[in-house]
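Participant: Please find one structure pasted underneath; my questions will follow.
The values are calculated or read from the model by the stated rules, or taken from the named source; none is laboratory data. Not measured: the values here are computed from a predicted model. Here the Cβ is made from the backbone with ideal geometry for all residues, glycine too, and neighbour counts use every protein chain on show. The accessibility values were calculated without ligands, DNA or RNA, using every heavy atom of the protein model including side chains. Shrake-Rupley method; radii C 1.70, N 1.55, O 1.52, S 1.80 Å.
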Amino acid sequence: MTHFGSHEATCLFSPPQSTSAFHHHHHHPSLSLSLSLSLSLFRMAPSAETEYGDNVEVPDNKSRVTVVGSGNWGSVAAKLIASNTLKLSSFHDEVRMWVFEEVLPSGEKLSEVINQTNENVKYLPGIKLGRNVVAVPDLEHAVRDANMLVFVTPHQFMEGICSRLVKKIREDAEAISLIKGMEVKMEGPCMISTLITEQLGINCCVLMGANIANEIAVEKFSEATVGYRENKEIAEKWVRLFSTPYFMVSACQDVEGVELCGTLKNVVAIAAGFVDGLEMGNNTKARQLFLDTTMLSTFNFCLAFDCLYDVLGCNNENGFKRNEGLFQAPFFIVGGRNRKCADAFARNGGKRSFDELEAEMLQGQKLQGVSTAKEVYEVLRHRGWLELFPLFTTVHEICIGRLPPTAIVEYSQS
């Protein structure tokens, strides 16, 4: 496998071949001065080990990217980023991707197969990631020396991941979350970007869009938004890192707003899947039902956004008026794992659990919409708002078996 950066590091400073050679010349002032000047002139970041175990010095002035996550969306993100680090002189070519190690049916380790084939054969088969993507199964090693961290794992695992990274990352690191979901705690909801900032002490932007990872992987046109707080320069750096001719990225000064839309979209996708699974899609009544549900879900989506935004204590003066495209999410949920599994759930009359369907249909990927529906429900229940949001209330109660899938029809007609 090609490793990047070692040649330029060797050109800058080649250490003596052995410690004995160094001690043999140590008493010469000129050599000591030369070594000191070399180290002063070429300030080097901490050394990073390649997969072969040798140390490679990393120049300070280039950003190093690590993708924390290697599922379907994580692999697509790595592909996007890797195509750009090769072109942008301010980034190291190599993109590390942390892989939760798994043993494939062949007996091979997933990380080794990714590095051998340049393909995530389990979560993104048939797509080449880019030769500069390196799969790393050790989390601490994957983030070592990286100053740009891309988090893209199932949201329920993030608290554990962050706890493992405390004091293991660079102090000047910047993060971006591609994760849809939230943590619900006693004191209220906590968005994933906030969790990252609080646990790791670093700034965290978000990237969200009403997209399907597999479509981006085959380079169908898609759009996404980077949400940032104050540092527009960092936001623009993330935009450059993700943008391609087929993946259009813009920036918006509103982290919570962008993140909430990505989160609520997954719940609406579950509702859309329930409607499809009722097998009424080929007649006029079903079409009207779907349109009614879409209109009501859009109203719920916007109202829930406003209320949750208020719960999070956010000020929307600068944000979503310039980012209304994400409010179109309910109209574009025509695929993806949430809708697919909800469709199957409804077709089986709710008799097969989502856990069973997830295991059967997603090949190890995690279903986000069901857990997010529960989290949104808990926030609404705590605030006494369940009756204000019949869509989100109904979706959760169908998911847990309290209501049958046909309740989504009754909801839309009430």
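Participant: I'd like the carbon and sulfur percentage of the solvent accessible area for segment 66-125, probe radius 1.4 Å, heavy atoms only, ligands and nucleic acids excluded. Display every interim value, and only then the final one.
Facilitator: Working: 1210 of 2140 Å².
Accessible surface attributable to carbon and sulfur in segment 66-125 totals 56 percent.
Participant: If the limit is 31 Å between Cα atoms, which of Lys168/Lys340; Lys232/Lys265; Lys109/Lys168; Lys87/Lys220 go over it?
Facilitator: Numbers: Lys168/Lys340 38 Å; Lys232/Lys265 26 Å; Lys109/Lys168 25 Å; Lys87/Lys220 21 Å.
The pairs that break the limit, which is 31 Å between Cα atoms, are Lys168/Lys340.
Participant: Can you tell me the FRET efficiency between Tyr246 and Arg352 if r is taken as the Cβ-Cβ distance and R0 is 41 Å, rounded to the nearest 0.05?
Facilitator: Numbers: r = 36 Å, r/R0 = 0.89.
Efficiency computed from Cβ-Cβ geometry: 0.65.
Participant: Can you tell me how much longer the chain between Glu378 and Arg164 gets when fully stretched, taken as 0.36 nm per residue apart minus their C-alpha distance, in nm with one decimal? Kindly include the intermediate steps, with their values, before the conclusion.
Facilitator: Details: separation 214, 0.36 × 214 = 77.04 nm, distance 2.74 nm.
Between Glu378 and Arg164, full extension yields an extra 74.3 nm.
Participant: Same structure again: If I take R0 = 45 Å and measure r between the Cβ atoms of Asp138 and Lys232 in this structure, what FRET efficiency does the formula 1/(1 + (r/R0)^6) give, to the nearest 0.05?
Facilitator: Details: r = 34 Å, r/R0 = 0.76.
It comes out at approximately 0.85.
Participant: Something else now. Please work out the FRET efficiency for the pair Lys128 and Glu410, using the Cβ-Cβ distance as r and a Förster radius of 51 Å; give the result to the nearest 0.05. Walk me through the numbers before you get to the answer.
Facilitator: Values: r = 47 Å, r/R0 = 0.93.
Here the calculated transfer efficiency is 0.60.
Participant: Roughly how many nanometres apart are two label points built 7 Å out from the Cα toward the Cβ at Gln156 and Glu108?
Facilitator: 3.0 nm
Participant: For the pair Thr117 and Glu360, how long in nm is the line joining their label points, each one 7 Å along Cα→Cβ?
Facilitator: Output for this residue pair reads 2.6 nm.
Participant: So for segment 356-414, taking the charge dipole from beta-carbon charges (+1 Lys/Arg, -1 Asp/Glu), which of Ile400, Leu362, Val376 sits furthest toward the positive end?
Facilitator: Among Ile400, Leu362, Val376, the one farthest towards the positive end of the dipole of segment 356-414 is Val376.
Participant: Label Leu88 and Glu279 with points 7 Å out from Cα along Cα→Cβ: what is the distance between them in nm?
Facilitator: 4.9 nm
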